[in-house]
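J.: Take a look at this one; I'll ask things after.
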Amino acid sequence: MIVGFLGTVIGLERAVALNKPWAYGAPLFAVLSAIAQLSALPAPWSQTFSVISSAILVAIFCFLWWHRHESYLVIIGLGALLWLVGNSLWLGDYPSFSSAGWWAGFLILTITGERLELSRLRRLSNISRLLLFLAIAVCIFGLSRTSIEEPGSRVAGAGLIAIALWLLRWDIAWRTIRLAGLPRFMAVSLLSGYVWLLAAGVFWIIYAADFIAGPHYDAMLHAIFLGFVVVMIFAHAPVILPSVMDVSMPFQNFFYAHLILLHLSLFLRIGGDLAESAPARMWGGLLNGVAILVFLANNICAVRIGYKAKEVGSVS
Amino acid sequence: MSVNKEQVFDALKRVYDPEIPVDVVNLGLVYEVLVEGDRIAVKMTTTASGCPVGNFIVAQAKRAIGRLEGVKEVEVALVYDPPWHEDMISEEGRRMLGWRT
């Protein structure tokens, strides 16, 4: 569901930027896929809609690349291609673990591409860009083997570690962390998410034989989907939500509460996975959900604070 | 007491794209500032067209300018012509980014 939701958001963002009617097919079919999944329609409906959505997203990036030859577009476009591969495997009735890696790759490359685009303000050398492309190539090669053989997960894990180290070394967040308020919150969130990506890479290597099901598989996936992806959502929500919903949502220090709770609960969950402790895994999972609820509540509180500030006469 | 352009630019120097450690003035995002009595009109851009942070920055800019004494009306428009380029970053902005000048 998280992949479908983010696929919709990413598709909508790119369709709005492109402003071509056909591009809106990407978010539209992503929404239809979600509706089909939630309704009583047979699975192929949802799967087919998701394949169409991701194919249109790939087309969007081909179009953007045709007009602007920028390296970050290649990375995000590759991410869309990984989403298409994962969705196609899902439509082909392959087991879910076959698609999971590709879906994770979609989100990782989309986020990495966006960070590369921002990091151009750091005047990166050609060698540093090459290193990132190499890391991504290793990751994709590994993903292409994960559903076939165990070493695939190890190779993909090595790629994840390399991507995480690149982000930890070159992301512009190391500069914005010096600015108080929202920039520091975003930077702390981003950098902490990269640490989870690094941990995920280590798990993919050590537990490669378990990339099918079970507690180690839970750790391998949730380090990425919660530790990296959801933390990215936490980081960007204070910017995206006001922009999309046209509300005032001033940054609040209590935003750190949901970030810290997510990290601590993920430690508990993954600690439980690795130690094979069912209670730790259960409580960790429960608290993951609480962290997301606290995130939603904190955002609503911030909107109310912004609304009250408007009422007492601040111009916004 | 009426506001002048310099005060508006000073106010905008407190506005940031939260992912970039340089304010919107030194980043070269502010294209035009018009002061007509108590009405301020600004044209600005983002580092990439269609960037979703655009509305966020516009709201921040309106808030910063609105706090100035003597300002009654603020209009901030996002434009993409000419497209922003790194050459538009000021010397101060390049120093903030750690570029060798």
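J.: Mind listing the long-range amide H neighbours of B:G28? Cut-off is under 5 Å, sequence gap 5 or more, other chains count too, H placed in the peptide plane at 1.01 Å from N.
T.: Close amide H contacts, sequence-distant or interchain: B:S90.
J.: Taking 2.2 N^0.38 Å as the expected size of a compact globular protein, what ratio does the Cα radius of gyration of chain A give against it, to two decimals?
T.: On the way: Rg = 19.5 Å, N = 316, 2.2 N^0.38 = 19.6 Å.
Its radius of gyration relative to the 2.2 N^0.38 Å reference: 0.99.
J.: About its Cα centre, how strong a charge dipole does the protein assembly as shown have in debye, to the nearest 20, once Lys and Arg get +1 and Asp and Glu get -1 at the Cβ?
T.: Charge dipole, the protein assembly as shown, about its Cα centre: 520 debye, nearest 20.
J.: Over chain A, calculate the relative contact order: mean separation of alpha carbon pairs under 8 Å at least 6 apart, over the residue count, as a percent.
T.: In percent, rounded to a whole number, it is 10.
J.: With the calculation restricted to Cα positions, what are the radius of gyration and Dmax of the stretch A:160-238 in angstrom?
T.: So, for the stretch A:160-238, Rg and Dmax equal 13.8, 44 Å respectively.
J.: From the residues A:G92, A:F61, B:L29, which one has its Cα farthest along the dipole of the protein assembly as shown in the positive direction, the dipole being from +1 and -1 charges on Cβ of Lys/Arg and Asp/Glu about the Cα centre?
T.: B:L29
J.: Here's a follow-up. Across all directions of projection, what mean area in square nanometres is found for the Cα convex hull of the stretch A:238-316?
T.: 5.5
J.: Here is a follow-up. Can you give me the distance in nm between label points at A:A309 and B:E86, each placed 7 Å from the Cα along the Cα-to-Cβ direction?
T.: Distance between the two pseudo-spin positions: 3.3 nm.
J.: Once the piece of chain linking A:L38 and A:L168 is laid out straight, how much longer is it, given 0.36 nm per residue of separation minus the C-alpha distance between them?
T.: Numbers: separation 130, 0.36 × 130 = 46.80 nm, distance 3.80 nm.
Between A:L38 and A:L168, full extension yields 43.0 nm more.
J.: Under 17 Å from a label point 7 Å along Cα→Cβ of A:F141: give me every residue in the stretch A:61-76 with its amide N that close.
T.: Inside the label zone: nothing.
J.: From the cross-link list B:K13/B:K62; A:K310/B:K43; B:K5/B:K72; A:K20/B:K62, which pairs have alpha carbons spaced over 21 Å apart?
T.: The answer is A:K310/B:K43; A:K20/B:K62.
J.: Let me ask another. Only Cα pairs under 8 Å and at least 6 apart count here; give the relative contact order of the stretch A:33-149 as a rounded whole percent. Mind showing how you got there, number by number?
T.: Details: 110 pairs, mean separation 25.5, N = 117.
Relative contact order, the stretch A:33-149: 22 percent.
J.: Can you sort A:F133, A:F234 so the residue with the fewest Cβ neighbours within 10 Å comes first?
T.: Lowest to highest Cβ neighbour count: A:F133, A:F234.
J.: In nanometres, what is the gap between the two model label sites at A:L293 and B:Y31, each 7 Å from Cα along Cα-to-Cβ?
T.: Distance between the two pseudo-spin positions: 4.8 nm.
J.: Among A:274-282, A:98-106, A:154-162, A:86-94, what's the highest-first ranking by average C-beta atoms within 10 angstrom per residue?
T.: Result, highest mean first: A:98-106, A:154-162, A:86-94, A:274-282.
J.: How far, in nm, would the chain grow between A:Y256 and A:V9 when pulled straight, counting 0.36 nm per residue and subtracting the alpha carbon separation?
T.: 86.5 nm
J.: Considering only DSSP beta bridges with both partners in the protein assembly as shown, what is the antiparallel share in %, to the nearest 5?
T.: Once the DSSP bridges in the protein assembly as shown are tallied, antiparallel ones form about 55 percent.
Computed from the coordinates by the stated procedures, all read-outs in this text should not be read as laboratory data. Model, not experiment: these values are computed from the prediction. When we count neighbours, we look across all protein chains shown, and the Cβ atoms used for this are built from the backbone with ideal geometry, even at glycine.
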